[in-house]
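Here is the structure we will look at, set down as structure tokens.
Bear in mind that the values in this text are calculations on the coordinates, not laboratory data. Predicted model, so just to flag it, every value in this text is computed and none were measured. Backbone-built Cβ (ideal geometry, glycine too); neighbour counts: all protein chains shown.
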Amino acid sequence: MTGKPGGGRGWLAWLLIAPAVLGLVLFVLGPTIAVAVMSLTDWQLGAAEAAFVGLDNYAALPGDRVFRIALANTLVYGAIVTPVSVLLGLGLALLVEGAPAGRTFFRSAFFLPVVSTTVAMAVVWEFLLHPSMGPANLLLGTLGIAPQNFLGHAGTVLPTLAAIGIWENAGFNMVLFLAGLKSIPRELYQAAAVDGADRPWERFWTVTFPLLGPTLLFVVVIALLRSFKVFETVAAITQGGPRRASEVLLYTIYQEGFGFFRIGHASALTMVFLAGLLVLALVQIRLLDRRVHYR
Amino acid sequence: MSRGWAAAALRLAVLGLAAAIFLLPFVWMVSFSIKPADEIFTGRLDLLPSSFEGFLNYARALELRPLHRYLLNGVVVCAAILFFQILFAAPCAYALAKLRFRGRELVFGLVLFALLVPIQVTAIPIFLVFSTAGLLDSYFALVAPFTASAFAIFLFRQFYRTIPDDLIHAARIDGCSELSIVWRIIVPLTLPAATAFAIFSVVAHWNDLFWPLIVIRSPELNTPPLGVMAFRSGEAGDRYGELMAGAVIITAPLVAAFLLAQRKFIEGISLGAVKG
Amino acid sequence: MTTLDIVGIEKSFGATPVLRDVSLALGHGEFLAIVGPSGCGKSTLLRIVAGLEAADRGSVRLDGQPVDALPPKGRDVAMVFQSYALYPHMTVAQNIALPLVMRDLDRRQRLPGWRLVSAATRAARRRIAGTVAEAADMLQLSALLDRRPGQLSGGQRQRVALARALVRRPRIFLLDEPLSNLDATLRTQTRNEIAQLQRRLGVTTVYVTHDQVEAMTMATRIAVMFEGRVHQVGTPEEVYRSPASLAVAEFVGTPRITVLDARLAPGGVMLGGRLWPAAFAAPPGGGAIGPADIRVGVRPEGFVLGDPAGPGMLAARVSHVEYLGSEGLAHLLLDAAPRGAVARIDAGLAGRLRPGETVGVRPDPAGLLLFGPDGRRLDARVGQPSSAMAEAS
């Protein structure tokens, strides 16, 4: 019939979607199913054969010391980076939004770490925090504080990596908050002023914060997701050390899967990681829904 | 009036201090990259070297490792990934947004699912298949897993949904064939969304370490992050001037691009929030 | 100059019928407005004429030739959309030129830069630029040719859409609610402009709108549609004076027609406690005039106000009065009109009437429109009612 979008031309639609669907099946859906299946086996690359072991890999996880450490470290890392980088991002956004001058400069300055290659900056941080030559310790020295081996000490390595993570992510969160702030109608502030809330903190609590609330929840979930994917700094600087003090989930998966080729075990770890992502994604979808209704 | 002035000054002071802290690593990176070796070890905090040796560290860094080769690999890999992502995603997104066909819900469900699954989840099976097929350690291995981007499909679909059907009807009435509709209307309209996505994609894949670390063995195929890893663990490991120069070389392209088109970069990268 | 025949068009979306046996015929250069509430199928009909939708049954003919198998491109029709559908990435000039570029240049000539190679292409491009300039001039767009749609006001966008439609002198003009996104002042002004332009160019035009004032003021004939059916086609005056159905009567005319409850009775119509003698052209109810509830429509100018005790007067209470300067409107409450009545009155009276006041109101028998239980018009001549309060039902 005559040209009408959407009218019974299924073959054209399938022609258009075929390459993408093929790619998604080959590189996402298929592999995800494969991981789920492999997590039920004791397969090790190079082993003569693999056996179906049911949920044994999962049952063994709670007793696996490395897994427990990695999970705990990942959660601690997330528990530090998320609140600090979110609150810092919010503070920076509020400051930048109301800056009398240089808004573009400040925004770019805080966003620069997001753009920079993490691995390269990790190497820079490693040097800056070098126990003897690093400028950070030289700076502490001038204040009369003894040099610290931030990255080489089990007690400080994770907080130090978290600090780098905060430096990396605060600008990203700031940009999301800036977008949220921009969507608050000017009239609301004028209305609040007419209604008697005209001091800065009154404005913040009556207008900004309630309207930014949905954005805040959204940014928290995003920040959690990003912090659970921490890998680059660990792989580049500490390799999980010293004494596994910076072992995180993705690094464990990487080592078990591609260092020791314990495919079954690594697949089970991957499924745990995926489960975490799914939970956060569900929360995120709920929040996105809420955000739409809020408007 | 004077209170407003004081508040503004305080605000600027806090912002200035915060910006200084955020920029300090960059400043030090550049500073040490132009310092001669003996000055790095003196334990002094001067930003500028007392004896300027020019860009000796840069020359030596390039001698130690073919950093330009790594950058080139980065360009090739990012360009190839982006090319296929848009080539596959745009038609698919258009069909999902504008055409009604059997199985559309199913396909969109697949896209939403794929949106959740990062490379870290699919890495093991893809690695095993590539390994069996002898495809590891190649440009193909770096590019192929990313060619079908659920995120690109999702974004473009959202975008196409905002294009009114009447625009396409108008083009038909104005005498455009289906091909000229694509060429004259859809492609130009896709450009803004494609630009934002391109920035997101290039930044993500330029900086990605996880997947290249798994599939690449040959030094000549190193992507920029792999290059940094190799540089650090190799003979340059404690030659900090050269190491900093190397870090500058690897970070510079994206940082320069960012400084040239800040708004577009921020727009593109914050798209990632949808994805997490 | 083209004639357009729409013959027996039927269309359903899924199980929902949107067009039921719609037929319309337009002569050379005629301006037909299709008017009806939203969802009545008028836009779908227009899209079927354009070739953007396919009818389930029926046929569209241009100059007698069926065009149902032709794509929009082959029909040589132009359309103005409610959203204007301007190409946001093209300048005003490029927007207007696109139909000409697609028609006058071949695939090779359309390549960017080809004009550098080919003198013929340069000449064709020059001709197009000339035609675009002419159209732009006609619609006062000459100063805006290099802007993009995003930089234009609503009225300007609307004129660009018009220019794009008329630039190639199509056989048929189709306009789909082209004024609904404009503010009231601009709408009145553009209404006149479009009507004048259509008369000047003499292009056969179908104009779809939900605004009966637009339809009445612009078109030579109007077609009123409800729920996929054409209830009436006629000149604005015919549709106003003798509406074919109660729905048409209520839809056409501002202020709305007053609907009074009445009852058929031997010899006439019982209305407000009086018998109004009526002579029916065709006996209602398929023959026998039995008692049946009917409705009587009275236009605002069909009422006479006076002393409540006067002859033939119905008692009414004034709910409020609109003073319009040259005249006035009295909104009245009376027993026979459950939804109230509106009477046009002179300005002097409008200044004197007070809300709450009781007045007498008498419909002019010549203006009474009778509608049967099915809503169809009953063709009848009504005379003066009996003077007494006889035969109260």
* Between B:Ser138 and C:Ala119, what is the spin-label point distance in nm, taking each point 7 Å from the Cα along the Cα→C-beta axis? -> 5.5
* **Sequence of A:Ser246, A:Ser108, B:Ser177 once ranked by neighbouring C-beta atoms within 10 Å, starting from the fewest** => B:Ser177, A:Ser108, A:Ser246
* Structure fact -> Working note, segment C:255-382: Cα radius of gyration (Å, one decimal) and Dmax (Å, whole number) are 15.2, 48
* **Degrees separating the helix C:184-201 axis from the principal Cα axis of chain C, which is the longest one** => 60
* What nm value, rounded to one decimal, do you get for the distance between C:Asp56 and C:Asp346 when each label is placed 7 Å out toward the C-beta? -> 5.7
* As computed over chain B, the Cα convex hull volume per residue (Å³) -> 211
* Structure fact -> As a Kirkwood estimate from alpha-carbon pairs, chain C has a hydrodynamic radius in angstrom of 24.0
* What is the mean number of Cβ atoms from other protein chains located within 10 Å of the Cβ atom of each residue in peptide B:218-231, rounded to a whole number? -> 3
* Mind sorting A:Ile145, A:Ile253 by how few other Cβ atoms lie within 10 Å of their own Cβ, fewest first? => A:Ile145, A:Ile253
* With a Cα-only, solvent-free Debye model of chain A, what are the log10 I(q)/I(0) values at q = 0.13, 0.15 Å⁻¹? -> -1.07, -1.21
* Among A:Leu269, A:Leu94, A:Leu71: highest mean-square fluctuation, GNM of chain A, C-alpha pairs under 10 Å -> A:Leu94
* Per-selection Rg to Rh, the protein assembly as shown - Cα, Kirkwood hydrodynamic radius -> 1.10
* In peptide B:12-18, how many Cβ atoms from other protein chains are near each Cβ within 10 Å, on average? -> 5
* Asked: Taking GluC sites (Glu not before Pro) that fall in a DSSP loop and have at most 15 other Cβ atoms within 10 Å as cut points, what is the longest piece of chain C between them?
  -> C:1-226
* Structure fact -> Where a ≥ b ≥ c are root eigenvalues of the Cα gyration tensor, a/c under 1.5 meaning rounded, otherwise prolate if a/b exceeds b/c and oblate otherwise, segment C:125-270 counts as prolate
* Asked: Restricting attention to the alpha-carbon atoms of segment A:3-155, what are Rg (one decimal) and Dmax (integer), both in Å?
  -> 25.8, 79
* Structure fact -> Rounded to the nearest 10, the angle in degrees between the Cα long axis of helix B:119-132 and the longest principal axis of the Cα atoms of chain B comes to 90
* Subtract the Cα-Cα distance of C:Ser153 and C:His320 from 0.36 nm times their separation in residues, and report this length gain in nm to one decimal. => 56.3 nm
* Asked: Under DSSP H, which helices of chain A have Cα atoms covering 30 Å or more of the helix axis and a Kyte-Doolittle average no less than -1.0?
  -> A:65-97, A:157-182, A:263-294
* May I ask you to list the trypsin sites (Lys or Arg not before Pro) in segment C:105-213 that are in a DSSP loop and have at most 13 other Cβ atoms within 10 Å of their Cβ? => C:Arg107, C:Arg108
* Highest-first arrangement of B:71-79, B:8-16, where packing means the average Cβ count within 10 Å -> B:71-79, B:8-16
* Highest average packing first - B:252-259, A:79-86, Cβ atoms within 10 Å -> A:79-86, B:252-259
* **Length-normalised contact order for segment C:255-382 - Cα pairs under 8 Å, 6+ apart - percent** => 31
* Structure fact -> Here the Cα Rg-to-2.2 N^0.38 Å ratio for segment B:178-272 is 1.45
* Using Cα pairs under 8 angstrom and six or more residues apart, how large is the relative contact order of segment B:65-275, in percent? -> 33
* Structure fact -> Here the whole-number average of other chain Cβ atoms within 10 Å per Cβ of B:209-216 is 4
* Cα-Cα over 24 Å, subset of B:Lys98/C:Lys73; A:Lys182/B:Lys264; A:Lys182/A:Lys229; B:Lys98/C:Lys11 -> A:Lys182/A:Lys229
* Asked: So what is the relative contact order for chain C, in percent, with contacts set as C-alpha pairs under 8 Å and at least six apart?
  -> 16
* Structure fact -> Between the Cα axis of helix B:240-260 and the main Cα principal axis of chain B, the angle (0 to 90°, nearest 10) is 40
